[in-house]
Amino acid sequence: MSGRAVALPYGVGRISLGWLALVAIAAALVGVGAFAYAIQELEGPIATGLRDWGTMGGATWGLYVSFIVYFVGVSFAGITVAALIRILGLTYLRPISRVAELLTIVSLILGALSVLADLGQPLRGIANLFRYARPQSPFFGTFTMVIAGYLFASLVYFYLAGRRDAYLMAQYPSPLRWLYRAWAAGYQDTPEEKARHERISFWLALGILPLLVIAHSTLGLVFGLMGGRPGWFSALQAPGFVVLAGVSGIGHIIVLAALLRWSLGLRDQPEMAAFRWLGQALLVLGIIYIYFTIVEMVTAGYAGREHEQRLAKLVLVGYYAPFFWTGMGALGLAIGLLASQALSGRWSIPLLVASGILANVTAVAKRLIIVVPSLTHGSLLPYGIGMYIPTWVEGAIIAGLMGLGALTILLFMKAFPIMEVPAPVEEVRP
Amino acid sequence: MISRRAWAALLVLTAGIALMVVSYLVLAAPWGFPPESEKFSNPRLAFAPLLFIIGVMIAFLAAVVYELWPQRGGKE
């Protein structure tokens, strides 16, 4: 192959105008986010809308914590899909496994960066977390197990799953050959190596799945174990977090899979069976989440203590009602779109993408509803009502993080095949 | 018969799990008498939580060891 121009698979190394435009937009968002973060570091958290609750009448957690929960939630589906492919043998999902794994890693990194954005002194926060955290605390589970353990396990899975393609890519002449050789680390795609990889991937997937449930449950328990905070204290928080994580993550994967199919000009990859499976999974999880929300609201509104009833009323018909009903309305619409396709047996990628986007609107709105109202209106102490309005600095930092995620995926796509390479393909350019 | 590769991976996995168990049960868990005393609330060793996380990482590294362990003469 050496000495001849060859087309690398899945657009690797090919720079198009559309790709450049997307990179420019993502880089601009990162720039704006970095500028906003510099302002926050120079002026301190006063540049944000966050204030102490109680005497200062604010909320200590706002957009950043809502998006920590959101990003960590998005990470759920990626590694779950990758693990299910191995454990249940869902081979038609294989083409989306790499993008799903990448989504997990990127969203976990964004979650970690959101933690740093929320801390007044990030370096001191990190050092003290590892030094003094109590492993029996849900905070430990969330901010260290999730971000260190879960991220590391996902990186190991991603690295091992990519060795075969790195070996295949190293057969092509390319400036990144050294990277492919290093990644392949001696892999030669022999039957023994393939069998070994299948074996270890299965066990790794089995190890990651419980870690994943623990990680998302502890995130829910951070809120659910707060006995003195009406609106948070609930046994449904942990399972609710796991289910909503699945909703937002699968929604993201549907959108990414459709974008890949469109941008790479693939007519049959990922195949329709993969989209159908994702649609069915999103439908089931969406219905379960609606059920959880109804049970939660009925319990708090009908039989809750005074503060819980007041908070439920505030969310259902008061100040926070627009967020709540936007989220629930979006999820209801997504379920409607998915159910109509499931009942008719005809699945449409544009409708699935719309459902995925709507599911993520729900996820963001519901995270805000979980985090903020209990801080501004849920105190058991005789303080007045609080208020939280995010500033442009917070919005810009979150936009910057999203830009960073998009930029990472865009750059990765040009350096490494975003889908599994079926076999070495050589195309001679005219 | 268990291959050297599997032994090496098992060794790394065991080391990771052992570090998790020791860092939590011995260095951080709130054991003591009386059990509700705040004295036993914090980890007994600074950075014990970090050791626990390193234990998790080492356990998952066993998969890398299993796959990357050199193959002698083309056979196990």
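The values are calculated or read from the model by the stated rules, or taken from the named source; none is laboratory data. All values derive from a computational prediction rather than experimental measurement. Because the Cβ atoms are built from the backbone with ideal geometry, glycine has one as well, and the counts that use them run over all protein chains shown. For accessibility, only protein heavy atoms count, side chains too; no ligands or nucleic acids. Shrake-Rupley method; radii C 1.70, N 1.55, O 1.52, S 1.80 Å.
Quick notes
- Its DSSP H runs of at least 4 residues, each contributing -39,500 (n - 2.57), put the calculated 222 nm mean residue ellipticity of chain A at -23500 deg cm²/dmol, to the nearest 500.
- The stretch A:196-226 and the stretch A:155-179: distance between their alpha carbon centers, rounded to Å: 27
- Inter-chain Cβ neighbour count for A:148-161, averaged per residue, equals 4 (cutoff 10 Å, partner chain atoms only).
- Residue A:87 versus residue B:14: modelled label distance in nm, points set 7 Å from Cα along the beta carbon direction: 2.7
- Accessible surface buried once B binds A (1.4 Å probe; total of both sides; Å²): 2400
- Point-charge dipole on Cβ atoms (K/R +1, D/E -1) for chain A, about Cα centre, debye to 20: 400
- Directionally averaged projected area (chain A, Cα convex hull): 22.5 nm².
- With the charge dipole of the protein assembly as shown set up from +1 on Lys and Arg Cβ and -1 on Asp and Glu Cβ about the Cα centre, the Cα lying farthest toward the positive end among the listed residues A:248, A:228, B:25 is that of B:25.
- Within the stretch A:104-123, backbone nitrogen closer than 20 Å to the virtual label 7 Å beyond the Cα of residue B:42 toward Cβ: A:121-123
- The residues neighbouring residue A:158, those whose beta-carbon lies less than 11 Å from its own, together hold a net charge of +1 under the Lys/Arg +1, Asp/Glu -1 convention.
- 10 °C / 1.306 mPa s Stokes-Einstein diffusion coefficient of the stretch A:110-177, Kirkwood radius on C-alpha pairs, µm²/s: 109
- Relative compactness, the stretch A:1-92, computed as alpha-carbon Rg over 2.2 N^0.38 Å: 1.79
- Entry for the stretch A:161-269 at q = 0.11, 0.19, 0.21, 0.22 Å⁻¹: log10 I(q)/I(0) = -0.65, -1.05, -1.09, -1.10, Debye formula applied to identical alpha-carbon scatterers, no solvent contribution.
- Of A:321, A:415, A:33, farthest towards positive along the dipole that unit charges on Lys, Arg, Asp, Glu beta carbons give the protein assembly as shown: A:415
- Exposed-loop-free span, longest in chain A, where GluC sites (Glu not before Pro) count as exposed if DSSP calls them loop and at most 13 other C-beta atoms lie within 10 Å: A:1-425
- Full extension of the chain between residue A:299 and residue A:124 yields a length gain of 59.0 nm, computed as 0.36 nm times the residue separation minus the alpha carbon distance.
- Length-normalised contact order of the stretch A:55-191 in % [C-alpha pairs under 8 Å, at least 6 apart]: 21
- Principal semi-axes in Å for the stretch A:283-392 [√(5λ), Cα gyration tensor, largest first]: 32, 16, 8
- Counting only trypsin sites (Lys or Arg not before Pro) that DSSP places in a loop and that have at most 15 other Cβ atoms within 10 Å, the longest clean stretch of chain A runs over A:15-266.
- Sparse-neighbourhood loop sites, trypsin sites (Lys or Arg not before Pro) in the stretch B:16-76 - DSSP loop, at most 11 other Cβ within 10 angstrom: B:75
- Debye intensity ratio in log₁₀ form over the Cα atoms of the stretch B:4-68, taken at each q of 0.18, 0.19, 0.27 Å⁻¹: -0.64, -0.68, -0.99
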